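The values are calculated or read from the model by the stated rules, or taken from the named source; none is laboratory data. Everything numeric in this text was worked out from a predicted model, so none of it was measured. Methodologically, a virtual Cβ is constructed for each residue, glycine included, from the backbone with ideal geometry; neighbour enumeration extends over all protein chains shown.
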Amino acid sequence: MRLAGFSVRRPVAISMFVLVFVVMGSISLRKMPVEFIPELNFPVLFLSGRYEGVGPEEIEELVTRPLEASVSQVSGVKTIRSTSQYGVSSLELEFEWGTDLDQAMGDIREKIEIAIENEFLPEDMRKPLIYKYDPSDMPVSFYGVSALDRTQRELKEISEDDIRPVLEKLDGVASVIVWAGGEREILVAVDQARLAALDMNLSNVVNIIRTENADLGAGHVVQELRDYNVKIAGEFEAIDEVANLVLKRDEGKIIRLGDIAKVSYEDVEETAFARMGLRESAMIAIMKQSGANTVSVARQVRRALDSLRPHLPPDIRIDEMFDSATYIEDSVRNVRDAALYGALLAIFVVWLFLRSYRSSFIIGIAIPISIVCTFFPLYFMGISVNIISLGGLAIGVGMLVDNSIVVLENIFRKLQGGENRFVAAESGASQVALAVTASTLTTVIVFVPILFTEGIVKVLFGQLAASVAFSLVGSLIVALTLVPMVCSKIMNVAETRKLEASTAIMRAIQKRYEKTILWALAHRRTVLLMSIGLFVSGLALLVPVGADFMPQSDDGIFAVFVELPGGSPLEETDRLILSAEEELIELPNVAMIFAMGGEAARHTEEMVPNRGTLFLRLVDRGERDLNTAQMMDMAREKLLRLGGAKFTLTQMGPEEGSSYGDVEIKISGSDFETLRMLAKAVETEVSSIQGVRETTSSIEESRPEVRFVVDREKSALAGLNAFQLATMVKTALQGTVATRIEQYGTEIDVRVQLAESGRDRIESLENMMVITPVGTRVPLRHLVDTEFGESPAKLHRESQRRLVWVGINRSGRDLRSLMAEVRGRLASFPLPEGYTIDYGGEDEDMRESFVNLGIDFLLAIILVYMVMAALFESLLHPFTIMFSIPFAITGAIFALFITQHTITVNALIGVVMLVGIVVNNAIVLLDYVQRLRAQGKSVHEALYQAGCIRLRPILLTAITTILGLLPLAIGLGEGSEVRTPMAVAVIGGLALSTLLTLIIIPVVYTYVEAFGQRLQRIFLFVFHREEVS
């Protein structure tokens, strides 16, 4: 090949060419962002519509269903999920992967405008908001601010006034969120009777306070050659100004706000609590800007907090609960170290076999050059440094030297034949150029099907494919240019003698192989039957090996969601969670516990006094002997003994799954009460299955409810509507923030609310006076009918049907076998007509991903066959090479079984990779067989000779690849769960396939060659009969 000759004759040019790519790769590496996994931009849009004062069932009927009907017509919509709760309708729109979400948002806005114009939506509801899913909405780090003798109010003030402003100034920080209770406000507690005597509503009081608290510019005036700005100063500066606010004049008497209301500083009713390490705490979450470097942002935050600590009160502690940068840095460092150790092992194997430092040096420079050059195209593809892209390089380390080893070994043989170093370098590289090119192409082309895969598999493993592909192409170029050039400079005959003298181990292996190959060729049927038996035994292990969607991570942090019976007050939730903290802190390996409840329980403004959450952070992985899943089991046992609430444990981290559990059982139908009963029955049915640790349900306990049903005829005669009445009642009960007053550098809410004596009983609310627009007084009971009942907290829908979820969290059992039993149990489950059961969560993801990867596997086989057929100009002999693949599958299954790993997406990616890897050995072998056949050798003679000569490079390439993957397969350090199954599958498949390739492929070749000769005779007899004679 001309490329090898050019490299030998133009060493300086080749050196500069390689150096350019090394420099560009180094620069690219410095500029690439560092993440844990590739950014997952899910094709999801969210739609939110608010309709104040309306219950879940009315929201579903008036808002949710019309919105669903409108947006379902948008192109690309795959699934519509909705939640209807008090005053809010929320829709989640999942699109097909590849959909232009900007275009979809425009289409949705257009459909909503049409719905509003046609009055499909209530006229007085707020216009629905549309927003995208943004991965940056997840905090990059959490910190707790605590002290022994401080209240939550003090901790919140310190967090908001001293810490948040510093962090928000950092580059890449979008916002800093503080969660804590203990706020104060100015409460205007209005006396109902006095207010009614003035013919005023609460809304009148709110509007007066709001309009009076204002500083307004009124223009300017010129006087005595000076231009003065004119400003009306009306902002409140003290609480007394609020109390002295004039409401109206009544028969010459001034009525002030303080005459009808008590105006005072009050603690806001506690709706949340937070603790860290059993101490009162405020929680700080740092949100990064979209596109910002996660590691860079988290590092800046860490440094800023270290600098800030000396300036805070000495009793204030800032503890890290979760810092994504630490996990990412540890994970990336572990992958980098695995790649480094793999490279060193590969170099050591070359030295062990060849006992030549010069040869080891050549291989040693080929690896880093191929890796560094890979970062150049990765940077321009927008790929970050993460455990997937680096994992691809680590997996490719052992394969990077394959091409160089084959070229180097052939050059050695040429030197042994008496050729000088220049001729040997050129001819040796040229002779195997076709084989190494075919090997590289077959390995690279298996990743092409991933480009056509949809979903998370493409997003995650597309970067792995790019890393492996670019590094292998780089290694091919290095093998055909740099290796022959360096060999022509530093190799000599003395080295070949050393090689000849130092192959005692290789000679012993070769003698054993010579006997084996001769026996195999003499007992072909026996070999084939044994091979088939081995393959079938591997398939039989598929059931005990089991299958999961993704391997469970061990990131050292998990959450406990606590739900008390409906109606439980916040004080009871706080007491129970404190007991849980005291129990869990005694567990081994627990570094920190953060607890929160109420509004903070689900990071929402929704009042949920009966819920709380505990976050448990474990000590570093190297300091504990139990993984996260085992620690969760221990925590689960303690919490079950505690009782008093429902505890749901879930592992946190970048790949956190569904909020309802590992598996979602979706029950759909029309009637909510029927769905509720079915959900409870299904939950009871599946909870007894082995491996089910706990079950959850989307059904929340119905809350006691008093409904003031508006009499529309009476309210219309009074000049009022439902929205106005709902606003009045809401202000009476919850209060309305009329304005804010700035004091001591902070703003305090001024809340208008009915005095407690006017809202402590339902009868008091019914007797609340409502002032009509014409000034008449009407009790609320004359405008509404009072009904008592229960109401669902939320109503869920999917694909425009009501449904409920039953979630399963599992432990100690693989997903496939668990779901087989779940489906078996529920197959005979009695369902009313019109009700169905479906499955989602990890089970749905696993089935979709396995189907996609199965198609990728078949496409990879077809593409590899096409490449080999084109390169060897043969339609039959590529089939011989393809016989390596079944035994690669068998080896992968054996390896997963021995190491107790289940079949996951990661492992299947390794199996797809094996299609391109394992055929390389057969290509190297059959390429030489064909050369010997062209020289006139018989089939058996060519197979025997080719096997003996190609034994060394085949073993070398296989062992270097296996040892290069060994550090990944051992699985030490954070993030190893993602890459270990893949490495184990490749090692097992390559090891078994290599051993069998050297024996079975020659046997198969004899059958294929005989079959090919028969086909050729038939072809000649049919189309060229004159040539047969």
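Per-structure values
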item	result
Residue list for the range 510-562, restricted to those being closer than 30 Å to Ile577 by Cα and of a type outside the set (Asp, Glu)	Gln552, Ser553, Gly556, Ile557, Phe558, Ala559, Val560, Phe561, Val562
Sole residue being modelled with pLDDT of 85 or more, small (Gly, Ala, Ser), surrounded by 18 or more Cβ atoms within 10 Å (Cβ to Cβ) and not assigned by TED's automatic domain parsing to the domain that holds Val590, chosen from Ser687, Ser668, Ser698	Ser668
Selected residue (criterion: modelled with the lowest pLDDT) from residues of the range 490-499 that are part of a helix (DSSP H, G or I) and in contact with a helix residue (DSSP H, G or I) (Cβ under 7 Å, 6 or more places away or on another chain)	Leu499
Residue check for Lys111: of a type in the set (Lys, Arg) and at pLDDT 85 or above	yes
Hits in the range 184-211 - residues which are surrounded by fewer than 18 Cβ atoms within 10 Å (Cβ to Cβ) and either within 44 Å of the chain's Cα centre (by Cα) or of a type outside the set (A, V, I, L, M, F, W, C) (or both)	Arg184, Asp191, Arg194, Asp199, Ser203, Asn204, Asn207, Arg210, Thr211
Sole residue being in a helix (DSSP H, G or I) and either surrounded by fewer than 23 Cβ atoms within 10 Å (Cβ to Cβ) or not assigned by TED's automatic domain parsing to the domain that holds Ala934 (or both), chosen from Ala870, Ala892, Ala888	Ala870
Check on Leu216, crowded, with 16+ Cβ neighbours inside 10 Å, more than 39 Å from the chain's Cα centre (by Cα) and not acidic (Asp, Glu)	no
Qualifying positions in the range 199-224 - assigned to a loop (DSSP other than H, G, I, E, B) and in contact with a Gly (Cβ under 7 Å, 6 or more places away or on another chain)	Asp199, Asn213, Ala214
Qualifying helices (runs of 4 or more DSSP H) (wholly inside the range 239-340; at least 1 residues being surrounded by fewer than 20 Cβ atoms within 10 Å (Cβ to Cβ) and assigned by TED's automatic domain parsing to the domain that holds Thr739)	239-243, 257-260
The range 775-814, subset over 30 Å from Ser687 (Cα atoms) and among the basic types (Lys, Arg), residue surrounded by the most Cβ atoms within 10 Å (Cβ to Cβ)	Arg781
Among the candidates Val77, Val54, Val8, Val12, residue that is in contact with a Pro (Cβ under 7 Å, 6 or more places away or on another chain) and not hydroxyl-bearing (Ser, Thr, Tyr)	Val8
Sole residue being more than 20 Å from Glu742 (Cα to Cα), modelled with pLDDT of 80 or more and part of a strand (DSSP E or B), chosen from Asp227, Asp171	Asp227
Residue check for Glu419: of a type outside the set (Gly, Ala, Ser), closer than 29 Å to Trp351 by Cα and outside any helix (DSSP H, G or I)	yes
Among residues of the range 21-69, those that are acidic (Asp, Glu) and in contact with an Asp or Glu (Cβ under 9 Å, 6 or more places away or on another chain), counted	1
Lone qualifier among Leu390, Leu408, Leu378, Leu400 - being in contact with a Lys or Arg (Cβ under 7 Å, 6 or more places away or on another chain), surrounded by 23 or more Cβ atoms within 10 Å (Cβ to Cβ) and among the aliphatic types (A, V, I, L, M)	Leu390
Matching entry among Val54, Val34, Val88 (being at pLDDT 85 or above and not assigned by TED's automatic domain parsing to the domain that holds Pro377)	Val88
Residue match in the range 896-913 (condition: in a helix (DSSP H, G or I), farther than 30 Å from Met550 by Cβ and either without any contact (Cβ under 8 Å) to a residue 24 or more places away in the chain or in contact with an Asp or Glu (Cβ under 9 Å, 6 or more places away or on another chain) (or both))	no
Checklist (1) within 31 Å of the chain's Cα centre (by Cα); (2) surrounded by fewer than 20 Cβ atoms within 10 Å (Cβ to Cβ) applied to Glu582, failing item	(1)
Extreme residue, modelled with the lowest pLDDT, among residues of the range 980-1015 that are over 24 Å from Tyr944 (Cβ atoms) and not aliphatic (A, V, I, L, M)	Thr980
Of all residues making up the range 113-128, the number that are part of a loop (DSSP other than H, G, I, E, B), within 20 Å of Leu45 (Cα to Cα) and charged (D, E, K, R)	2
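The rows are residues; the columns are (1) at pLDDT 80 or above; (2) more than 23 Å from Lys156 (Cβ to Cβ); (3) in the same structural domain as Asp191 (by TED's automatic domain parsing); (4) not in a strand (DSSP E or B).
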| residue | (1), (2), (3), (4) |
| --- | --- |
| Phe708 | yes, yes, yes, no |
| Phe723 | no, yes, yes, yes |
| Val729 | yes, yes, yes, yes |
| Val737 | yes, no, yes, no |
| Glu742 | no, no, yes, no |
| Val750 | yes, no, yes, no |
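Rundown of residues vs (1) over 25 Å from Phe672 (Cβ atoms); (2) in contact with a helix residue (DSSP H, G or I) (Cβ under 6 Å, 6 or more places away or on another chain), yes/no style:
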residue: Arg65; (1), (2): no, no
residue: Glu68; (1), (2): no, no
residue: Val71; (1), (2): no, yes
residue: Ile80; (1), (2): no, yes
residue: Val88; (1), (2): no, no
residue: Trp97; (1), (2): yes, no
residue: Met105; (1), (2): yes, no
residue: Glu113; (1), (2): yes, no
residue: Glu123; (1), (2): yes, no
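Yes/no per residue for (1) out of contact with any helix residue (DSSP H, G or I) (no Cβ under 9 Å at 6 or more places or on another chain); (2) assigned by TED's automatic domain parsing to the domain that holds Ala985:
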residue	(1), (2)
Thr516	no, yes
Ser531	no, yes
Met550	no, no
Phe561	no, no
Leu570	yes, no
Arg575	yes, no
Leu584	no, no
Pro588	no, no
